[in-house]
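Presented below is the structure to which this report refers.
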Amino acid sequence: MSGKSVDGSSTTSIADLGRRVIAGGEITRDEALYLFNLESSADIFELFSWANRVREHYKGNKIHLCSIVNIKAGGCSENCRFCAQSALYDTSSPRYGLIDAESVLKAADEAQANNVTGLGIVAAWRGLEDGPVLDQICGVLEKLRDSGKARPDASLGMIRTQAVADRLRRSGLECYNHNLETSRSFFPKVCTTHSYEERVQTIRYLKNAGVSICSGGILGMGESREDRCDLAFALKELQPEFVPINILNPIEGTPFEKVPPMPPMEALKSIACFRLILPRQEIMLAGGRVVNLRDLQSLIFMAGASAMMVGNYLTTVNQSVEKDLQMIKDLGLDPQWGHSRSETAEPVAESPQSEVAPVAAIA
Ligand code: SF4
């Protein structure tokens, strides 16, 4: 595509944009939108090639793997239209109350046995306020921290005061997952029981508390390419360490159950665009990977992804961890379970929709 231009007045090519990002520069929103709108297969594969180079330049050949445990499932008061865990929708997703610290420590044992360094505890509810539930959660985080078995990460919904964020940090929380989900303008079509701004503010509180941030979104909910581009730039402003990308897996009983599946190449192209907009972040494939990408799953790394959620998701079932590890090794890449906080924190969870099961979460 080197002969094509980003817009009518410029002769910038995909290769120029890739070289600029590798040299430490940035691409503009117009340039990013141009990439999101690429249509020809030759252009899209050229974009993959540059996204792959950018990933290698900033992330080497390491692929970070994350895993989560659902500590409270279903019955959520919110109306996120993709989510099997909302109490407003009739889905077959499991429901149970807050599990005890012992069960979380058992999950930590398993994580340790599998060399997983971070364990994300995930709950399906609106959020956390001062009170007995916060006390309980802080107790779980402290036990997890003190056990030394796994790094305490979490995805526990909205946080509405700095004091709650600070307390979670003091209890050992290392990384918090809270997705923006989509663009600010498309968000009201996804959820009306809370606002985009509340999500942004939650991330700010946690960031101020010194907690690493994992924040991304869901593709394929009916949003435009412009919305995807806006999501990536909103995340760029917040500078999370991890950017989980979910691809909608429409779940029966939710309002999005009939949303047509996102074509795999469109999803992969979006991942590549995210890589050029967010070159230093860990871009992580989470829910919807298996069901939407099928045989093209291994292309996520060529498209610039540097991390992957493995194991079962909150409400759906993933392919086996062994198969995922084999895929990564076959590509000549090096699977890593998490890493230290000083590099980039590990995420916690994916969005609650997911293919395999998931999880709950988050949001
Ligand atoms: S995404 Fe999170 S907040 Fe929204 S309904 Fe599901 S569990 Fe509740």
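Tabulated data for the structure shown
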| item | result |
| --- | --- |
| Helix 321-330 axis, angle to the chain major axis (alpha carbon atoms, nearest 10°) | 30 |
| Pairs of Cα atoms farther than 15 Å apart, region 14-55, % | 36 |
| Reach of K62 by Cα under 15 Å, taken over aspartates and glutamates that are not fewer than 8 positions away in the same chain | E282, D324, D330, D334, E343, E346 |
| 5 angstrom amide H check on G127, placed H, neighbours 5+ away | M158 |
| Dipole magnitude of the chain about its Cα centre (Cβ charges: Lys, Arg +1; Asp, Glu -1), debye to nearest 20 | 380 |
| Amide H contacts under 5 Å for I283, placed H, 5+ residues apart | V243, S306, A307 |
| Net charge over other residues, Cβ less than 10 angstrom from the Cβ of F82 (K, R count +1; D, E count -1) | -1 |
| Among A232, A15, A307, residue whose mean-square fluctuation peaks in a GNM of the chain (springs only between Cα atoms under 10 Å) | A15 |
| Computed [θ] at 222 nm, deg cm²/dmol, the chain (DSSP H ≥ 4; -39,500 (n - 2.57); rounded to nearest 500) | -11000 deg cm²/dmol |
| Backbone HN-Hα couplings from phi across region 256-267 [Karplus 6.51/-1.76/1.60, Hz, Gly and Pro as x] | 8, 4, 9, 5, x, x, 6, x, x, 5, 5, 5 |
| All-pairs Cα distance distribution in the chain, expressed in whole percent, bin size 10 Å | 6, 27, 36, 23, 7, 1, 0 |
| HN-Hα J in Hz across region 17-24 - Karplus 6.51, -1.76, 1.60, θ = phi - 60°, x for Gly and Pro | 5, x, 4, 4, 5, 5, 7, x |
| Nearest-ten-degree value, helix 101-113 long axis tilted from longest Cα axis of the chain | 40 |
| Residues with amide H under 5 Å from that of S155, placed H, sequence gap 5 or more | I121, V122, A123, N177 |
| Per-residue ³J(HN,Hα) for region 203-215, Karplus 6.51 cos²θ - 1.76 cosθ + 1.60, θ = phi - 60°, Hz, x for Gly and Pro | 4, 4, 4, 5, 4, 4, 6, x, 8, 6, 10, 10, 8 |
| Which of G172, P263, M221, positive extreme of dipole for region 158-270 (C-beta unit charges) | G172 |
| For region 34-153, Kirkwood radius (reciprocal of mean inverse C-alpha pair distance, Å) | 17.6 |
| Linear extension gain, S298 paired with Y96, 0.36 nm per residue minus alpha-carbon span | 69.3 nm |
| Dipole of region 14-55 [Lys/Arg +1, Asp/Glu -1 at C-beta], most positive-end residue of I22, F45, L33 | I22 |
| Pairs beyond 29 Å (Cα-Cα), from K236/K269; K59/K106; K269/K329; K143/K207; K72/K189; K72/K149 | K59/K106 |
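No lab work stands behind these numbers, since they all come straight from the coordinates. In this text, all values refer to a predicted model and were calculated from it rather than measured experimentally. Please note: Cβ atoms are built from the backbone with ideal geometry, for glycine as well, and neighbour counts cover all protein chains shown.
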